[in-house]
Amino acid sequence: GETLGLVGESGCGKTTLGRLLLRLIEPTSGSIIFDGIDLTKLNRSEMRKIRPRMQIIFQDPESSLNPRIRIGESIAEPFRLGLQGKIGRGEIKDKVLELADVVGLNPEHVNRFPYQLSGGQNQRVVLARILAVNPEFIVADEPTASLDVSVQAQILRLMMDLKMKYKLTMLFISHDMDVIRHMSDRVAIMEKGRILSIEKPKDL
């Protein structure tokens, strides 16, 4: 239920660390412990089973969405893949509309393509699709960096609300100290690939 902020200069290794935690990049040494399980010791099949429990939000939402399929299909994809058990087509449609509402999208948005939505709306789509797999841990890699300032505040507020509602644990990566202070319970300071210290936001 905690949000750990990760802050440091560009190129210090923040994104690399976030991807390593989810094994999107294979580590050369060390261990990654998730719920008592060392992820580095899992084979591909075992990793596939545990992967829905941890998700990532990338900086550019449009790169996370298939431009050829409608928003509703993107949100429905985890259900169609059976990541939360088998459910019927009608129930999938209801779930998609429910998740769209949770993240602040209108019902008509589900029939549109990513290019027809704003950056902030597309990031809401990404959040809805992530929630569809009922994750426990989310790596948020500068999720508002590509958005307008006014939209950034809306998305950050939404992420805090979702964290509370779904009891999520989060690694929030940013180089913006104001955002990190606002979002984090604790903050890890990174430099040249190493964590120098972990502080409380009010002490920064």
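The values are calculated or read from the model by the stated rules, or taken from the named source; none is laboratory data. Note that this is a predicted model, so its numbers are computed, not measured. With ideal geometry, Cβ positions are generated from the backbone for all residues, glycine too; neighbour counts draw on all protein chains shown. Heads up: the accessible areas ignore ligands, DNA and RNA and are worked out on the full protein's heavy atoms, side chains in. Shrake-Rupley method; radii C 1.70, N 1.55, O 1.52, S 1.80 Å.
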Options 154, 45, 121, ranked by Cα towards positive dipole end of the chain, top entry (Cβ charges): 45
On a 1.4 Å probe surface of the protein chains, which of 32, 87 comes out largest in accessible area, and what is the full order? 87, 32
For segment 141-204 (alpha-carbon point model, no solvent) the Debye-based log₁₀ I(q)/I(0) at q = 0.15, 0.27 Å⁻¹ works out to -0.50, -1.28
Where the accessible area of the chain is counted over protein heavy atoms with a 1.4 Å probe, how much of it, in %, is carbon and sulfur? 48
If a/c stays under 1.5 just call it rounded; otherwise compare a/b with b/c (prolate if a/b is bigger, oblate if not). Do that for segment 69-204, with a ≥ b ≥ c from the square roots of the Cα gyration tensor eigenvalues. prolate
Taking Cα atoms, the helix 149-166 axis meets the longest principal axis of the chain at an angle in degrees (rounded to 10) of 90
Which angle from 0 to 90°, rounded to the nearest 10, does the C-alpha axis of helix 119-131 make with the longest principal axis of the chain? 90
Explain nothing, just the number: dipole magnitude of the chain about its Cα centre with +1 on each Lys and Arg Cβ and -1 on each Asp and Glu Cβ, in debye rounded to the nearest 20. 680
From the Cα gyration tensor of segment 1-146, with a ≥ b ≥ c the square roots of its eigenvalues, which class applies: rounded if a/c is under 1.5, or else prolate if a/b is larger than b/c, or else oblate? oblate
Lys pairs in the chain with Cα under 20 Å (8 or more apart in sequence, or on separate chains) total 9
Accessible surface, per residue, of the chain when the full set of protein chains is kept, probe 1.4 Å, Å²: 55
